[in-house]
Amino acid sequence: MCLSNNNIIHIMFFRFYLCLINTRNKEHNSDTNCESMEWLPLVAGVTDEQLTASTDYDDELIPANSRLTDVVGWCPLEEDFDPWLQVTFEDLQKIVGIRTLGSGKFREYVKTYEITYTSDGTAWGLYGAFMGNSAEDIPKTHDFNPPPEALAMRFYPKEYYKGRTVRWELYTCPTPAFEEKTRDNYEGTIKL
């Protein structure tokens, strides 16, 4: 069940986001084959229709609300025993990392999860299993090394605290065309 939490921390999204990603990459000396230290977000720039799921808990906890810039998150039905959250891209993307958060509205988060991907839209493969969040408001980031090229990715919540509610972001390397397109789309705040 998704419980209410009125404590929301708002941080200026764009400047904080890029600064945090740059710092994290330098600290971990990640070899993701990006020419720059900066990663660019993908999920924040896709349409609502490109975010789908096996089930939705209710009308609020839907895939469209799974972005880090949303406060709610996505949560599957309790009776969904193999739930997934999916993002489908317009073309192949090199995915270099992931960041997750729990719900900023409910005190729920995913503690472990698996990531699968497809490069052709039909055959799915397991990329890996990851440790998730330790609290709903503490972001957790993982490098993907080697970075898969994906047409779509799925997030499978496994262990969780109170509910399987998640917000997420996937990252790619910047290119001049992609950078211009995405920078125009990310005005707002990241809601912890």
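Read-outs: derived from the displayed coordinates by stated rules, not from any lab. Since this is a predicted model, take the numbers as computed values, not measurements. Note that we place each Cβ from the backbone using ideal geometry, even for glycine, and neighbour counts take in every protein chain shown.
If we count other beta carbons within 10 Å of each Cβ, what is the order of 56, 48, 137, fewest first?
Working: 56 20, 48 11, 137 17.
The order, fewest Cβ neighbours first, is 48, 137, 56.
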TODO: For a footprinting-style exposure proxy, rank 144, 155, 130 by other Cβ within 10 Å, fewest first.
DONE: 130, 144, 155
Task: Dipole-positive endmost among 153, 92, 104 within the stretch 38-191 (Cβ charges, Cα centre) - done: 104
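If you add up the charges near residue 51, with Lys and Arg at +1 and Asp and Glu at -1, over every other residue whose beta carbon is less than 14 angstrom from its beta carbon, what do you get? Please list the in-between numbers first.
Values: positive: 67, 154, 167; negative: 48, 49, 56, 70, 90, 169.
Net charge around residue 51: -3.
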